[in-house]
Amino acid sequence: MTVKAEARARLNFSTDWTYAPAPESASHAQIKPRYDLFINGKFVAPAKGEYFDTINPSNEKKLAEVGQGTGEDVDKAVRAARSAYDKVWSKMPAKERGKYIYRIARMLQERAREFAVIESMDGGKAIRESRDVDVPLAAAHFFYYAGWADKLEYAFPGKQPTALGVAGQIIPWNFPLLMAAWKLAPALATGNTVVLKPAETTPLTALKLAELIQEAELPPGVVNILTGAGETGAAIVNHPDIDKIAFTGSTEVGKIIQKSLASSRKKFTLELGGKAANIIFDDAPIDQAVEGIINGIFFNQGHVCCAGSRLFVQESCYDEVVRKLKDRMETLIVGDPLDKNTDIGAINSKMQLEKIHEYLKIGADDGAEQWCTSCNVPEKGYFCRPTLFLNCSQSHRIVQEEIFGPVLAVQTFRTVEEAIEKANNTPYGLSGGVWTDKGSKIFKVTSKLRAGVIWANTYNKFDPTSPFGGYKESGVGREGGLHGLLPYLNLN
Ligand code: NAI
Ligand code: MG
């Protein structure tokens, strides 16, 4: 009997049923064949006239081509941002600035469906997530920070907060629109102007946001959005007239950025990688915990910096947890990101899929026990079955390194101290999760875990009011909440 058939028999599923397809319509999603760079309130051709393709990773079809921004384009955008800052944005009453941000938030809500569909097409994430998580949270960030715009002196009593000037922002492909919102909303609310670069595999929702910003009649130059790859990002980082850099992406690039900023006056925040521990004690509500673990690592194909990619299970409940985990994993649907039943969409790019495959091999070669679900995956496109590695040890590379895919490394522990020690044995420190019935244990463990965000009896919950950021190699600085205003301000 196959693993799936065995699980179905045990769960009393009489037939091997599947859901009928339920695809979200893409007919209302308007994607132009070509997008220019958004500089000084207009879409303008890139200086060198070069474009590159963005594809749909679920079928490998081209969606559009977008401008290749060069140093020259970055310079033009920075000059537009500086001029908008000097002449308009810094002179505008804060309450008026706030109104523009509210307008962006409302317009985003009105077009939520189109943004969700395009996000799923360009990046591969399941529509359930882009519709229920990415887009609503992006709007929530604009609403939240719009509210702060004219209340900054209440956020920092006794101080006189002033804007820095021009912010350069570089974002990744795992939450393209949401990361744009995380970056833009606090920068605008604090009175800065912006040059933002989305990731090369997922530029479309940022460009749709540029269209929306144009329609919202934001003064030209306040927000500039340039597409391009690493070189375009580096040109932003190294531009002498930028006052602050905000980056989210790999630890590797974060280190390069930190080095190039070392001798400059620029402020910076870096949100980098993670290798979060999810810890289950035997007194936890096991079914709820299993659901949380699934959400923690398979949500968004595991393309989440705070994904719960390491699981620590107390020995006494190990068999039960692993059995329930496998059963639940067997029910996960991998496939068309636009299908409303899909749990796990497409891996974002061929490169990322190859990286995940490499780690699957490393895990097996290092001696961990590999188990993956038996579901069908589409032949075309970049897909990966949810995978467990059991009997892992601390030294395994799949335990130490960020994979950024639907791969969970499982280990056991006996005591609270052992769980804490193992969980902290990582170069990262972005997030973590604790599952137990005892409040005192939650406090004991969470106070000793060296990670920026820790969830108790839940996982991957986000809210614009709460700060987010890492320890150690997971980054520098905080975004979100009141803390997220600080990196964009001088306090006098
Ligand atoms: P990346 O760090 O290269 O890309 C993130 C952004 O930085 C993109 O917009 C990219 O164009 C830009 N960039 C690249 N090189 C740059 C440079 N020298 N200067 C300025 N900007 C630059 O991430 P990549 O290569 O797409 O993914 C590699 C791995 O990084 C993933 O497998 C994953 O482990 C990790 N990652 C972590 C993320 C997080 O949120 N913590 C997000 C994306 C990737
Ligand atoms: Mg794409």
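A short reminder: the numbers here are calculations on the coordinates, not readings from a lab. Just so we're clear, the structure is a prediction, and the values are computed from it rather than from any experiment. Neighbour counts are summed over all protein chains in view; Cβ atoms, including those assigned to glycine, are modelled from backbone coordinates with ideal geometry.
Overview of results
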quantity	calculated
Theoretical FRET efficiency, 1/(1+(r/R0)^6), r = Cβ-Cβ of Val416 and Glu291, R0 22 Å, to 0.05	0.40
Charge dipole of the chain about the Cα centre (unit charges at C-beta), most positive-ward option of Ser58, Ala22, Val133	Val133
Value of D in µm² per second that Stokes-Einstein yields for the range 41-167, Kirkwood Rh from Cα pairs, at 20 °C (1.002 mPa s)	122
Percent antiparallel among DSSP beta bridges (both partners in the chain, rounded to 5)	35
Compactness of the chain - radius of gyration and Dmax, Cα, Å	22.7, 72
Length released on extending from Thr331 to Gln30, taking residue separation times 0.36 nm less the Cα-Cα span	105.0 nm
Asp86 versus Lys151: modelled label distance in nm, points set 7 Å from Cα along the beta carbon direction	3.4
